[in-house]
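Worksheet for the structure shown next.
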Amino acid sequence: MKDSTHIIHTKAGRGPRNTVNPAVERGSTLLISNRQDLYGDGKVYGRMGLTVHRELEAAMCALENAKHTRLAANGLQACALAIGAVLKAGDHILIADSIYGPTRRFCTRRLAAMGVKSTRFSPTHSADLEGLITSETKVILLESPGSLTFDICDTPAIVELAQRHGLITLMDNTWGAGVYHRPLDLGVDISIQALTKYAVGHADAMGGAVMTNSDKLATKIAACSEDWGISLGPDDAYTALRGLRTLHTRLKQHEATGYRVANWLSERPEVASVLHPGFESHPEHALWKRDFSGANGLFGVILNKVSETKLDAFLEAMKLFAMGFSWGGYESLLIPCCDQLNRMKTDPIHNRPGPILRVHVGLEDADDLITDLEQAFAAMAAAD
């Protein structure tokens, strides 16, 4: 079966009347029929998940070509779970400088309080990475494309380096969503997704997932999840599972409309550059083309120099694009993200001429979105 068919027909359980979707079981206490099972290794408490959780796990395994999936309440929690499962006090983690800001904060603030050191590295200079490895280094954390700046890592090269040094590799794969990118197929040990984004797809639920093909790592992830009391509510699990059934179809539309809008923006005089790995002008386009099978609707834009007054006029004039965090839903979003940008001083992004915007192109008509941006640029030009 093709992947799009497989994700629709992956079934770990049906509803009580053979419904297409599984039942949502809202239960904390599970009644156990015999004493031996009461303290056994099975699922004996609602926090461990019920039928809808098992089916979501099976669907995520199919999506990411994984053997094991562990669910979490949101993407950040999934990242923290994956990281926490493979590190202990005294260890050292190398983190790509372009990872999701809250994940970087977890590494530099919470891990530090737990006795774990972290060091950033440039995601596009994998040749320099080996010099940062110490005897305490245990993990390399990646995100590709990188958050906000859309850098592409040379994942196979980093995996080869990690394997030579006995290190574990983790990747936040929320952008690739398991449809356009499969890190485990490239040798990454653990893949992570924020289900909140494209899996749910409607901006109305949160969730996270951690995937691996290693039995040993899966045991560590499960133990950490149990120790930290991590769980995903049944309604959110159901919503994420329902979103997965249409994921391939939605992503095709996000990709097509995203390219239309990105190409239009690249011709605007207000725009200095478009940060889209699918563009041949992107510095790591060749890596993207090798390791990815497509794009989605999320990319960045660097404007030419503009005053804050004019930028505010542009943002406040938007009618279809809205300012809001997250992405991956059916609605288009656009935010200025200079305030979030916390990159190494040597990163070329600091030399940009103007502000950086993150654009998520939703499922609206491309012409309508372009018209909205055009009138917003007109408002920018007219502002004092």
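Nothing in this text is a laboratory measurement; each read-out follows from the coordinates by a stated rule. In this text the structure is predicted, and so the values were computed from the model without any measurement. In this analysis, Cβ positions are derived from the backbone assuming ideal geometry, glycine residues included, and neighbour counts consider all displayed protein chains.
Taking 1.306 mPa s as the viscosity and 10 °C as the temperature, the Stokes-Einstein diffusion coefficient of the stretch 228-287 based on its alpha-carbon Kirkwood radius rounds to 108 µm²/s. Compared with the dominant principal axis of the Cα atoms in the chain, helix 308-317 is inclined by about 60°. Extension gain for Glu130 to Ser4 (0.36 nm times residue separation, less C-alpha to C-alpha distance): 41.5 nm. Every Cα-Cα pair in the chain was counted, and those over 33 Å apart are 33% of them.
Across all Cα atoms of the stretch 247-382, the radius of gyration (one decimal) and Dmax (whole number) stand at 14.6, 44 Å. Rounded to the nearest 20 debye, the dipole magnitude of the chain is 1160 debye, with +1 charges on Lys and Arg beta carbons, -1 on Asp and Glu beta carbons, and the Cα centre as origin. Legend: calculated FRET efficiency, Gln163 to Thr219, from the Cβ-Cβ distance at R0 = 25 Å, rounded to 0.05, equals 0.80.
Placing R0 at 25 angstrom, the Cβ-Cβ distance between Met323 and Asp384 gives a FRET efficiency of 0.70 after rounding to 0.05.
Residues of the stretch 288-302 falling in the label zone of Ala256, defined by backbone nitrogen less than 20 Å from a point 7 Å along Cα to beta-carbon, are 293-299.
Farthest toward the positive end of the dipole of the chain, out of Ala23, Phe321, Thr155, is the Cα of Ala23, where the dipole comes from beta carbon charges about the Cα centre. Farthest towards the positive end of the charge dipole of the stretch 193-273, among the residues Thr246, Met206, Gln193, is the Cα of Thr246, using unit charges on the Cβ of Lys, Arg, Asp and Glu. Normalised by the number of residues in the chain, the mean separation of alpha-carbon contacts (under 8 Å, six or more apart) gives a relative contact order of 17 percent. Under the simplified labelling scheme, the Leu30-Asp185 pair shows an inter-label distance of 3.3 nm, with each label point 7 Å from Cα along Cα→Cβ.
For the chain, the longest principal axis of the Cα atoms and the long axis of helix 247-266 meet at an angle of about 20 degrees. Quick one: Debye curve from the C-alpha atoms of the stretch 26-77, no solvent, what's log10 I(q)/I(0) at q = 0.31 Å⁻¹? After summing over all Cα pairs, the log10 values are -1.18.
Positive-end ranking of Gly297, Tyr180, Ser4 along the dipole of the chain, with charges on Cβ about the Cα centre, is headed by Ser4. Checking the table Lys67/Lys197; Lys138/Lys252; Lys43/Lys67; Lys138/Lys216; Lys2/Lys67 against a 26 Å threshold on Cα-Cα, which pairs fail? Check vs 26 Å cut-off fails for Lys138/Lys252. Longest stretch of the chain clear of exposed loop sites (chymotrypsin sites (Phe, Trp or Tyr not before Pro), DSSP loop, at most 12 other Cβ atoms within 10 Å, sites excluded): 40-324. Could you give the distance between the Cα centres of the stretch 121-157 and the stretch 273-313, to the whole Å? Using only Cα atoms, the two centres lie 20 Å from each other. In the stretch 108-203, what GluC sites (Glu not before Pro) fall in a loop by DSSP, with at most 14 other Cβ atoms inside 10 Å? Filter output for the stretch 108-203: Glu136.
Think of it as helices only: each DSSP H run of n ≥ 4 in the chain is worth -39500 (n - 2.57), and spread over all residues that comes to -10500 deg cm²/dmol at 222 nm. Here the scattering of the stretch 123-230 is modelled by Debye summation over its C-alpha atoms, one equal scatterer each and no solvent; at q = 0.15, 0.16, 0.23 Å⁻¹ the log10 of I(q)/I(0) is -0.70, -0.79, -1.33. Where Rh denotes the Kirkwood radius from the mean inverse Cα pair distance, what is Rg over Rh for the stretch 63-139? Computed over Cα atoms, the ratio is 0.98.
What you get for the stretch 247-382, charging only the Cβ of Lys and Arg (+1) and of Asp and Glu (-1), is a dipole of about 460 debye around the Cα centre.
Of the GluC sites (Glu not before Pro) in the stretch 198-302, the ones in a loop by DSSP (not H, G, I, E or B) with at most 12 other beta carbons within 10 Å are Glu267, Glu280. Put a plus charge on the Cβ of each Lys and Arg, a minus charge on the Cβ of each Asp and Glu, and nothing anywhere else: the dipole of the stretch 165-239 about its Cα centre is then about 220 debye.
Between Leu363 and Ser281, the modelled labels are 3.1 nm apart [label points 7 Å from Cα along Cα→Cβ].
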